[in-house]
1. Can you name every one of the strands (runs of 3 or more DSSP E) wholly within the stretch 67-176 that holds 2 or more residues which are closer than 24 Å to Arg25 by Cβ?
2. Quick one: in the stretch 87-129, which of the residues that are in contact (Cβ under 8 Å) with a residue 60 or more places away in the chain and charged (D, E, K, R) is nearest to Tyr39 (Cα to Cα)?
3. What's the number of the condition Met75 fails, among (1) surrounded by fewer than 15 Cβ atoms within 10 Å (Cβ to Cβ); (2) under 19 Å from Leu176 (Cβ atoms); (3) touching a residue at least 12 places away in the same chain (Cβ under 8 Å)?
4. Taking into account only those residues within the stretch 126-176 that are hydrophobic (A, V, I, L, M, F, W, C) and out of contact with any strand residue (DSSP E or B) (no Cβ under 8 Å at 6 or more places or on another chain), which is surrounded by the fewest Cβ atoms within 10 Å (Cβ to Cβ)?
5. When you go through Ala112, Ala128 one by one, which is the residue that is hydrophobic (A, V, I, L, M, F, W, C), under 15 Å from Asp41 (Cβ atoms) and more than 16 Å from the chain's Cα centre (by Cα)?
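The values are calculated or read from the model by the stated rules, or taken from the named source; none is laboratory data. All values derive from a computational prediction rather than experimental measurement. Please note: Cβ atoms are built from the backbone with ideal geometry, for glycine as well, and neighbour counts cover all protein chains shown.
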Amino acid sequence: MNTDSPLKAIQPPADEQAWAVRARRQFEAEQLLYAYVEYIDDDRLEELPELFTEDGSYQIISRENVERGLPAPTMGCSNRNMLIDRIVSLRHANIYSQHAYRHVLSNVRVKAMEGDEALVQSNYVVMATRGDGIARVYSTGKYVDRLVFEEDGPKFKQKRVIFDTQLIDTLLVRPL
């Protein structure tokens, strides 16, 4: 998939059928992202893994590490079962202060398509409200996702959450 030029991603396809496929993929990508943040914001974390392929990976990594070519994520799951384990641990083993997330997504864009896969990028802001009732900006950054379009809808083959700051202000427990 060629992602060199941001303008190439927005050029309309030459024929109507290709245009319809691209528009459908854009819509499906947006719906998948909206489901993803809804499951997190509504504390329906057990439903998150169904949005991933069996081998779908999930990674939260700093922009600094990405820019320096350092592969170490802050949080990483190399497949759906690891994501399930992470959620079970969060529910039954981890101790942390309760908080609620609220996501704002913008600039959802299909950057490239090849066969039944697409590279999708979007921006996010996560507000966290803790026990004191004050909402604070918790994290900002971008999602860089590789999607697979299956018969039952799109799924994440790879989800990379690239956060802008060098550190997260409190313990990162829940997915971003």
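1. Details: elements: 75-77, 100-114, 117-129, 135-150, 153-163.
So the answer is 100-114, 117-129, 135-150, 153-163.
2. Here the answer is Arg102.
3. Of (1) surrounded by fewer than 15 Cβ atoms within 10 Å (Cβ to Cβ); (2) under 19 Å from Leu176 (Cβ atoms); (3) touching a residue at least 12 places away in the same chain (Cβ under 8 Å), only one is false for Met75: (1).
4. Step one: filter the stretch 126-176 for residues hydrophobic (A, V, I, L, M, F, W, C), giving 126-128, 134-135, 137, 144, 147-149, 156, 161-163, 167-168, 171-173, 176.
Filter once more, so that each one left must be out of contact with any strand residue (DSSP E or B) (no Cβ under 8 Å at 6 or more places or on another chain): 134, 171, 173.
Working: Ile134: 8, Leu171: 10, Val173: 14.
Checking each candidate, the answer is Ile134.
5. Numbers: Ala112 fails: under 15 Å from Asp41 (Cβ atoms).
None of the other options fit; the residue is Ala128.
Matching residues to (1) modelled with pLDDT of 95 or more; (2) touching a Cys at 6+ places or on another chain (Cβ under 9 Å); (3) not polar (S, T, N, Q):
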position: Phe27; (1), (2), (3): yes, no, yes
position: Leu33; (1), (2), (3): yes, no, yes
position: Tyr36; (1), (2), (3): yes, no, yes
position: Leu51; (1), (2), (3): yes, no, yes
position: Glu54; (1), (2), (3): yes, no, yes
position: Gln59; (1), (2), (3): yes, yes, no
position: Pro71; (1), (2), (3): no, no, yes
